[in-house]
1. Write out, first by first residue and then by second, each pair whose Cβ atoms fall under 8 Å of each other, whose residues are 6+ apart or on separate chains, and whose first residue, in segment 8-31, is farther than 23 Å from residue 110 by Cα and at pLDDT 55 or above while the second is charged (D, E, K, R) and surrounded by fewer than 18 Cβ atoms within 10 Å (Cβ to Cβ).
2. I'm checking my understanding of the structure. Among residues of segment 246-287 that are charged (D, E, K, R) and assigned to a loop (DSSP other than H, G, I, E, B), which one is nearest to residue 163 (Cα to Cα)?
3. Pairs under 6 Å by beta carbon, first residue under 13 Å from residue 92 (Cα atoms) and open to solvent by 40 Å² or more (accessible area, probe 1.4 Å) in segment 118-145, partner within 15 Å of the ligand (Cβ to nearest atom) and not charged (D, E, K, R), six or more apart or different chains?
4. Could you tell me whether any residue of segment 214-226 is part of a loop (DSSP other than H, G, I, E, B), open to solvent by 20 Å² or more (accessible area, probe 1.4 Å), small (Gly, Ala, Ser) and farther than 26 Å from residue 37 by Cβ?
5. Here's a check for you: in segment 46-85, which residue that is in contact with a Gly (Cβ under 8 Å, 6 or more places away or on another chain) and without any contact (Cβ under 8 Å) to a residue 40 or more places away in the chain is surrounded by the fewest Cβ atoms within 10 Å (Cβ to Cβ)?
6. Do we have any residue at all in segment 146-153 that's free of Cβ contacts under 8 Å to residues at least 40 places away in the same chain and more than 15 Å from the ligand (Cβ to nearest atom)?
7. Which of the following residues is touching a Pro at 6+ places or on another chain (Cβ under 6 Å), within 12 Å of the ligand (Cβ to nearest atom), on the phi > 0 side of the Ramachandran plot and open to solvent by less than 20 Å² (accessible area, probe 1.4 Å): 111, 103?
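The values are calculated or read from the model by the stated rules, or taken from the named source; none is laboratory data. Every value quoted in this text rests on a predicted model; they were computed, and no experiment measured them. Here the Cβ positions follow ideal geometry from the backbone for every residue, glycine too, while neighbour counts run over all protein chains shown. The protein model used for the area step is the full one, side chains on, heavy atoms only, and it has no ligands, DNA or RNA in it. Shrake-Rupley method; radii C 1.70, N 1.55, O 1.52, S 1.80 Å.
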Amino acid sequence: MSSNPYDFAASEPEIPAKAIDSGLYIVATPIGNLADMSQRAIEMLRAADLIAVEDSRVTGKLLHHLGLKNRMRPYHDHSSEADRDALLAVAREGVVVLVSDAGTPLISDPGYKLVRAAREAGIAVSTAPGASAVIAALSISGLPTDRFLFAGFLPSKARARSDAIAEIGNVKSTLVFYESGQRLGATLAALADQLSGREAVVARELTKKFEEVVSGTLPELAERYAEAEPKGEIVLIVGPPGEVQAEQGDYVSALKDALETLPPAKAAKDIAKRFGVDRAEVYERAMALKSGA
Ligand code: SAM
């Protein structure tokens with residue numbers, strides 16, 4: 001067998017054209033461009049005895065486009081255990097497909113409890129992978145992709161959002177968020193306040209007619225979107241911490257200087273902003289310096 005992944009002829013026998021086995025199938029659908037629907041995803045939908053959907057109107061349009069008319073049943077993570085059992089009863093003997101309105105199910109979408117229950121019940125779970133906005137956005141962002149933390153939607157209330165940002169702000173990874181146009185300005189302002197000058201990207205309407213990718217520092221993007229609420233669907237990506245510090249040197253000596261004239265909280269706020277580091281971390285260091293540690 002060839003080890004070349006592009007040698008399709010050699011790998012052909014590993015993808016046998018046979019009837020789909022019974023089980024639960026997690027099937028990705030496009031995030032905006034119907035041409036991104038994979039052939040395997042279409043085959044699985046065609047074979048489905050039942051399709052579990054978020055919204056039957058949305059999936060109904062997709063099925064109509066594909067010329068299919070399978071039976072659909074709504075499924076959400078707040079669906080009852082009895083709803084899950086009913087889907088799994090079908091999956092024991094037949095093919096149940098789970099889709100969400102767009103992209104990969106379970107990624108900020110329902111399905112986790114269903115997959116878990118199926119695996120616990122010994123029912124085969126497989127997938128037709130495909131589009132997901134988080135991966136699509138990362139792949140064109142120009143920000144580091146070797147380590148990333150996908151944080152889904154940040155909370156909308158200011159305090160909870162600030163706590164969530166503080167919790168992940170120091171993680172040495174690129175951060176990826178889903179966001180709405182309505183909330184983008186407030187979210188960028190909060191990120192700029194807490195994570196300062198880190199690089200970021202706003203990726204909007206991916207794979208659609210008005211696709212747009214805008215890069216800048218967090219303060220630059222916060223300013224750009226402060227008044228102008230963008231339309232459409234958005235992925236927000238923040239580059240990892242550390243590069244700003246590396247360029248500007250160790251923040252501790254600057255903090256020592258600041259503590260000569262400022263109280264620890266104010267000094268920590270200023271230095272965190274200047275060096276792009278977490279304010280809580282700088283404050284802790286400031287208190288340690290004050291106490292002579
Ligand atoms: N399961 C989906 C996936 O795999 O991408 C995500 C579902 S989540 C409920 C919907 C969010 O994904 C949107 O609010 C937006 O933040 C992001 N999103 C979905 N499609 C997008 C697109 N075409 N361009 C940018 N962001 C998109």
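1. 20/43
2. Filtering segment 246-287 down to residues charged (D, E, K, R) leaves 247, 250, 256-257, 260, 266, 269-270, 273-274, 278-279, 281, 284-285.
From the residues that got through so far, the ones that are assigned to a loop (DSSP other than H, G, I, E, B) too are 250, 278.
On the way: 250: 26, 278: 12 Å.
Only one residue fits best here, namely 278.
3. These pairs meet every condition: 125/115.
4. There is no residue in segment 214-226 that is part of a loop (DSSP other than H, G, I, E, B), open to solvent by 20 Å² or more (accessible area, probe 1.4 Å), small (Gly, Ala, Ser) and farther than 26 Å from residue 37 by Cβ.
5. 77
6. Checking segment 146-153: at least one residue is free of Cβ contacts under 8 Å to residues at least 40 places away in the same chain and more than 15 Å from the ligand (Cβ to nearest atom).
7. Working: 103 fails: touching a Pro at 6+ places or on another chain (Cβ under 6 Å).
After applying the criteria, what remains is 111.
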